[in-house]
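Notes to accompany the following structure.
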Amino acid sequence: MNRPILIIGAGAAGLITALKLAAAKPTPKIILAVKAPLGEGAASALAQGGVAAAVGADDAPALHAADTLGTAGGLGVSKAINLLTAEAPAAIKTLQKIGVCFDTDDKGNLIVGQEAAHSRRRILHAGGDATGAEIMRALKVAVQATEAIEIIEGAEALDLLVDEGRVYGALLQKGEGVSAVHASQVVLATGGLGALYQYTTNPQEARGDGLAMAARAGARLADMEFVQFHPTAMDIGGDPLPLATEALRGEGATLINSNGVRFMAAAHADTELAPRDVVARAMWRQRQMGQRTYLDCRKAIGSSFVKRFPTVYAYCQSVGIDPAKEPIPVVPAAHYHMGGIDVDEDGRTSLPGLWACGEVASTGIHGANRLASNSLLEAIVFAPRTAEALLDASAEKTPFREVCSAKAHKSRSDRLGIRMRQIAYDAFGLIREEKTMTEALQEILQIEENLPALGGLSNQATVLKMIGISALLRQESRGGHFRSDFPESKESFAKRSFLTLEQANAKIANIDLGPSPYRKKQA
């Protein structure tokens, strides 16, 4: 039986994988399962900052690699980082061939911008601050024009089909119906987990569903404790919060508090261009002291704001703010997950038949802290590598098992989902400590006892457990993981963390969680 390659998720990584597979001869059967309408609900479309690539005359992949490794908190995987940065310029050219229109000067040369922790101007933009949207537009057009790709819209993956440790398909829910799709190989391109947090820049679909499915199947996850908070989500209401791109600070915008005082000089020598985790925690501390935090673009950008950053300008205008004349209120919000499903440079997971690419995967390039604008780059570099490896593996013999129908799961709007998002932000957010995390884990376990076996809420609880136990076990501070009870980095923890769900549950069972104050709140 010639079974298809099933790709779950349609952000940049999923679409690029599908296009690369469709270009192969002979062309395999390809099914692209999409939860939202194609091109919607993907974090890729919200990316404003751009794509990093060493395309400038004064730049080189080795410099880009050094910056990436230097930001990774001692945990970056050099081999993967070197691949990422070496292949970046060619990946940009590939996107241009697909139809992505990057910003250029009057002579047609690519315009490169500056962002935090980059030693060169190497950030490519499209439409000013609409880079992700432009990339997704071009990819969507290309996928829709490719007959070899079968698109199933409105299909939510509930679980992976596994037989004796090998993945051979997935359960998909469309409407009230649930069906089994058997596949030669399954690719998870489901994005990140930012929307597990109360305040986030991610779409609601980004709640770690792919991570949970992989964990239940027995796959090894990596670096789950490292969650990056973007310092400058716009504090204007909404879910997700709109993003004030880091490129604003790259062009000289400053951070001030309610008294109009700049505070980053006391936190880091690079001030507003310090690594994101440093900036976010400095803002958090200001807010803990009763101050609001603002991004002041008046002097650095001023009247050119509407032309250079139209997306942010439109968000400001929608709530009556003129960023050329007044500061923008900003707050740290969950933005990106450095961890994910443990994969090699070709997207292979620890389970035969299962692959992953994009934010759901962990190649090790980000280590403990992601360098700005390397996220879209990760998708456009590693997704084609995954596709190439898939072509070699798709002929493998796969099992077939009849699967009983499953019951549709409840909506994510359940109050328990809201509660878990609050727990995530308070306990597993910018600043963590043992007491708060153990109390939070106990409540998550209590919530989990009353959830259906499959679906959004169960996925939410599973991923939060993996984050929580990983954060408890790392008794130090490093990159996006900061412990107030262990504020310094330790050489003994200068290594990546790996856990299966079985291992995580065993470690949680050995922790004295104690009584939970949350139970009283819920009573």
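The values are calculated or read from the model by the stated rules, or taken from the named source; none is laboratory data. Note that this is a predicted model, so its numbers are computed, not measured. Backbone-built Cβ (ideal geometry, glycine too); neighbour counts: all protein chains shown.
Data overview
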read-out	value
Among the residues listed as A244, A214, A195, the single one being more than 28 Å from S470 (Cα to Cα), outside the structural domain of K465 (by TED's automatic domain parsing), buried (at least 24 other Cβ atoms within 10 Å of the Cβ) and small (G, A, S)	A244
Single condition E359 does not satisfy, out of (1) part of a helix (DSSP H, G or I); (2) over 11 Å from the mean Cα position of the chain (by Cα); (3) of a type outside the set (F, W, Y); (4) over 17 Å from L139 (Cα atoms)	(2)
Of the criteria (1) in a loop (DSSP other than H, G, I, E, B); (2) buried (at least 16 other Cβ atoms within 10 Å of the Cβ), which one V278 fails	(1)
The listed residue being in contact with a Gly (Cβ under 8 Å, 6 or more places away or on another chain), modelled with pLDDT under 95 and not in a loop (DSSP other than H, G, I, E, B), out of L457, L441	L457
Residue match in segment 496-512 (condition: modelled with pLDDT of 95 or more and touching a Phe, Trp or Tyr at 6+ places or on another chain (Cβ under 7 Å))	no
Failed criterion for I92 (all others in (1) modelled with pLDDT of 95 or more; (2) surrounded by 23 or more Cβ atoms within 10 Å (Cβ to Cβ); (3) assigned to a helix (DSSP H, G or I) hold)	(2)
Flag for D296 being surrounded by 15 or more Cβ atoms within 10 Å (Cβ to Cβ), modelled with pLDDT of 95 or more and among the acidic types (D, E)	yes
Residue selected from segment 205-261 under the condition acidic (D, E) and touching a residue at least 40 places away in the same chain (Cβ under 8 Å), by the criterion nearest to V112 (Cα to Cα)	E251
Number of the exception - Q185 against (1) farther than 21 Å from I380 by Cβ; (2) over 19 Å from the mean Cα position of the chain (by Cα)	(1)
Restricting segment 225-276 to residues that are farther than 13 Å from P329 by Cβ and of a type in the set (S, T, Y), the residue that is nearest to the chain's Cα centre (by Cα)	T245
Pair list, Cβ under 6 Å, 6 or more apart: segment 67-87 residue over 12 Å from A368 (Cβ atoms) and of a type in the set (D, E, K, R), other residue at pLDDT 95 or above and in a helix (DSSP H, G or I)	E87/V381
Residue check for T68: under 21 Å from A117 (Cβ atoms) and of a type outside the set (D, E, K, R)	yes
Tally, over segment 364-408, of residues that are among the basic types (K, R), more than 30 Å from A23 (Cα to Cα) and modelled with pLDDT of 85 or more	1
Close pairs from segment 286-309: first more than 16 Å from G250 (Cα to Cα), partner of a type in the set (F, W, Y), Cβ under 7 Å, at least 6 apart	Q286/F263; V306/Y313
In segment 95-121, residue surrounded by the most Cβ atoms within 10 Å (Cβ to Cβ) [restricted to those that are β-branched (V, I, T) and closer than 21 Å to D67 by Cβ]	V112
Criterion violated by G238 - all others in (1) within 30 Å of P310 (Cβ to Cβ); (2) surrounded by 24 or more Cβ atoms within 10 Å (Cβ to Cβ) satisfied	(2)
Hey, L139 surrounded by 20 or more Cβ atoms within 10 Å (Cβ to Cβ) and more than 24 Å from T200 (Cα to Cα) or not	yes
So I81, is it touching a helix residue (DSSP H, G or I) at 6+ places or on another chain (Cβ under 9 Å) and either on the phi > 0 side of the Ramachandran plot or outside the structural domain of K307 (by TED's automatic domain parsing) (or both)	yes
Residues of segment 157-187 that turn out to be out of contact with any Phe, Trp or Tyr (no Cβ under 8 Å at 6 or more places or on another chain), surrounded by fewer than 21 Cβ atoms within 10 Å (Cβ to Cβ) and not β-branched (V, I, T), as a count	11
Selection within segment 250-265 - loosely packed, with under 14 Cβ neighbours inside 10 Å and either modelled with pLDDT under 95 or in a loop (DSSP other than H, G, I, E, B) (or both)	N259, G260, V261
For M136: the one exception among (1) in a helix (DSSP H, G or I); (2) over 30 Å from R3 (Cβ atoms); (3) under 20 Å from the mean Cα position of the chain (by Cα)	(2)
